Amino acid sequence: MKMPLKEPLPLNWKMKPLDSASTRFYKSTGNVYHLEINHDPLKGVTPTMLHWWFQNIEGEAVYEGKPYSRYRLWHPKDHIHWE
């Protein structure tokens, strides 16, 4: 089943440039696909904060008075769906 791509969210914050991260895509035994993304460090973000984020990524958050998927807020151009 193909999902239609959603338009990027109209959010007004500066994103890091693409060259601030490196990616690696590979297939391991059992036909498991892996995508690794190594980003530059995020100033002021701690491991505890990241742990909280991944425990609470589902659902919605309000930004500038409008509800958005938390997953899409994380990266409004590339993240389209969380399940």
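In the chain, what is the volume of the convex hull around the alpha carbon atoms, normalised per residue and reported in Å³? Display every interim value, and only then the final one.
Values: hull volume 13.0 nm³, N = 83.
Dividing the Cα hull volume of the chain by its residues yields 157 Å³.
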Requested in this report: Can you tell me the FRET efficiency between ASP78 and THR29 if r is taken as the Cβ-Cβ distance and R0 is 41 Å, rounded to the nearest 0.05?
Outcome: 0.90
Query raised in the report: Top mean-square fluctuation among ASN31, ASN56, ASN12, Gaussian network model of the chain, C-alpha springs under 10 Å?
Result: ASN31
Report summary line: Within the stretch 6-83, DSSP-loop chymotrypsin sites (Phe, Trp or Tyr not before Pro) with at most 12 other C-beta atoms within 10 Å are TRP13, TRP82
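Mind sorting THR23, THR29 by how few other Cβ atoms lie within 10 Å of their own Cβ, fewest first? Please report the intermediate quantities before stating the final value.
On the way: THR23 10, THR29 5.
Ordered by Cβ neighbours within 10 Å, fewest first: THR29, THR23.
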Report task. Check each of the GluC sites (Glu not before Pro) in the stretch 3-74 and keep only those in coil by DSSP with at most 15 other C-beta atoms within 10 angstrom; list them in order. Result -> GLU58, GLU64
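Over the chain, what relative contact order in percent results from Cα pairs under 8 Å that are six or more residues apart? Show your work: numbers first, answer last.
Details: 65 pairs, mean separation 22.0, N = 83.
The value is 26 percent.
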Query raised in the report: In what sequence do HIS39, HIS75 fall when counting other Cβ within 10 Å, fewest first?
Result: HIS39, HIS75
Query - Cα-based Lys pair tally, the chain, threshold under 22 Å, eight or more apart or on separate chains - result: 13
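Read the figures in this text as sums done on the coordinates, not as results from a lab. No experiment lies behind these values; they were computed from the predicted model shown. FYI the Cβ positions are ideal-geometry reconstructions off the backbone, even for glycines, and counts take in every protein chain you see.
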